[in-house]
Structure formats: structure tokens, C-alpha cells
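Structure record follows, encoded as C-alpha cells.
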């Protein structure tokens with residue numbers, strides 16, 4: 001596609017439920033990143049992919065968070081047993097390569113855990 | 001790790017005014033980007049500028065890598081320029097972007 005696409009745009013879920021967030025990167029971009037942004041804050045790194053591999057998972061807040069990428073394209077971020085502190089905007093970005101390349105962001109998924 | 005500081009944290013302008021936003025970073029960088037986050041939360045790429053000067057319409061940016069800072073200039077500001085401006089860098093073998101806390105800009109008509 002023309003840009004990074006994320007779905008859903010908004011998600012309201014009950015505490016304790018699992019959620020899946022999807023990211024469709026720019027075609028041909030090998031690097032894919034997940035960040036999250038809490039209200040009024042800067043962006044917090046979660047994980048990045050080079051192809052289908054995730055060399056750096058250091059930003060995942062807990063073992064309730066996982067992510068995968070298939071076919072070097074679409075990525076899914078899964079949050080199990082959601083908690084209220086998981087409420088945030090989850091942003092996905094992609095770039096043509098991992099190093100020294102401009103990153104382009106999707107519109108984000110606003111997650112609200114009630 | 002590398003630290004990114006942006007100033008000022010908040011800025012209010014009258015439409016038509018000019019402004020300069022600053023980003024300081026604590027170590028050498030491979031990559032520096034300026035983003036505008038609009039009121040709907042979308043991050044819009046402004047500049048990819050690890051060094052040198054670039055211009056795009058009313059916006060321009062300069063990064064002086066040896067002195068570890070970057071400046072974003074906004075001329076003849078418009079109400080649509082309102083939002084938060086972020087500077088983000090990566091350095092060394094670190095693949096993730098490190099973000100400043102942003103400058104929140106409000107342009108009044």
C-alpha cells in the first residue's frame with residue numbers, strides 16, 4: 001500500500017481479555033517497529049523486526065505482550081489478559097532497512113481497557 | 001544510553017509568526033528525524049536529517065552533528081501547524097528511535 005496501515009483504529013476491551021493489533025507496512029520495507037504512546041507522553045519502543053526475525057524485544061513490558069511477523073510483511077501485536085495500564089496508542093512504523101533509514105508511521109491503534 | 005532533549009516544551013504563537021524549535025542529543029547519531037503529531041495523533045514525517053540543512057516550504061531544519069543539536073524552523077506559522085513536534089534519533093548499533101518529549105505548539109488565529 002501507499003503507507004503504513006494499522007487496524008483497528010480504535011479498540012475498547014474489557015480487562016482480562018486478549019487483543020490483537022495489526023500492522024501492514026509499506027511494501028518492500030524490511031524493517032518494522034512497534035511503539036506505544038501513553039497520554040501526553042513520548043513514544044516508548046516495544047519491538048522491531050528485520051524480515052520475520054525480532055532481534056530486539058527489550059521494550060516489551062511483560063510476558064503478556066508478544067508480536068510476530070509473517071512473510072516479511074504483516075505484523076501482529078498481541079496483548080494477553082489486558083490490564084488498564086495497557087491503555088495507550090500503539091503505533092507501527094516501517095523503513096526500507098533497519099539502519100540509517102527514514103521510518104514512516106501508521107495512524108495508530110487507540111486501545112482502551114475498561 | 002543517548003538522551004534527547006527538546007525545547008521549549010510549550011509554545012504559543014500568533015498566526016504569521018516565526019519560531020525555532022531545538023533538539024539536543026547527548027551522543028553521535030546515525031539518524032535524526034523530525035515529526036509533527038497532529039491533533040488526531042498521526043505522526044507526519046517532516047525531515048530525515050542526520051546532518052546538514054533541508055527545506056520544505058515554510059519549514060526548514062538544520063542538524064549540526066558535531067555539536068549535537070538540530071533546529072526546526074517554522075516560518076509564517078498557520079493554525080494547521082498546531083500539534084506536537086518530536087525529534088527522534090538512533091545511534092550506534094541501536095535500531096530503535098529514541099524520542100524527545102516534544103514541543104507542543106499552538107498557533108492562534
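The values are calculated or read from the model by the stated rules, or taken from the named source; none is laboratory data. Just so it is clear, the model here is predicted, and its values are computed rather than measured. So basically every Cβ, Gly included, is an ideal-geometry build from the backbone, and we count neighbours across all protein chains shown.
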Checklist entry - What is the number of the single condition among (1) surrounded by 16 or more Cβ atoms within 10 Å (Cβ to Cβ); (2) within 30 Å of residue A:9 (Cα to Cα) that residue B:63 does not meet? => result (2)
Checklist entry - How about segment B:40-53: which of its residues are touching a strand residue (DSSP E or B) at 6+ places or on another chain (Cβ under 6 Å) and away from chain A (no Cβ under 12 Å)? => result B:53
Next on the checklist: Go through (1) away from every other protein chain (no Cβ under 14 Å); (2) surrounded by 19 or more Cβ atoms within 10 Å (Cβ to Cβ) for residue A:37 and report which single condition fails.
Outcome noted: (1)
Checklist entry - Going by the conditions given, is residue A:43 under 21 Å from residue A:84 (Cα atoms), more than 12 Å from the chain's Cα centre (by Cα) and touching a residue at least 12 places away in the same chain (Cβ under 8 Å)? => result no
Next on the checklist: Can you find a residue that is modelled with pLDDT under 95, facing another protein chain (nearest Cβ under 10 Å), over 15 Å from the mean Cα position of the chain (by Cα) and loosely packed, with under 15 Cβ neighbours inside 10 Å anywhere in segment B:13-36?
Outcome noted: no
Checklist entry - For the subset of segment A:51-71 comprising residues that are more than 14 Å from the chain's Cα centre (by Cα) and part of a strand (DSSP E or B), which member is farthest from the other protein chains (Cβ to nearest Cβ)? => result A:53
Checklist entry - Just checking, how many residues over segment A:72-100 are surrounded by 18 or more Cβ atoms within 10 Å (Cβ to Cβ), within 12 Å of another protein chain (Cβ to nearest Cβ) and not in a strand (DSSP E or B)? => result 1
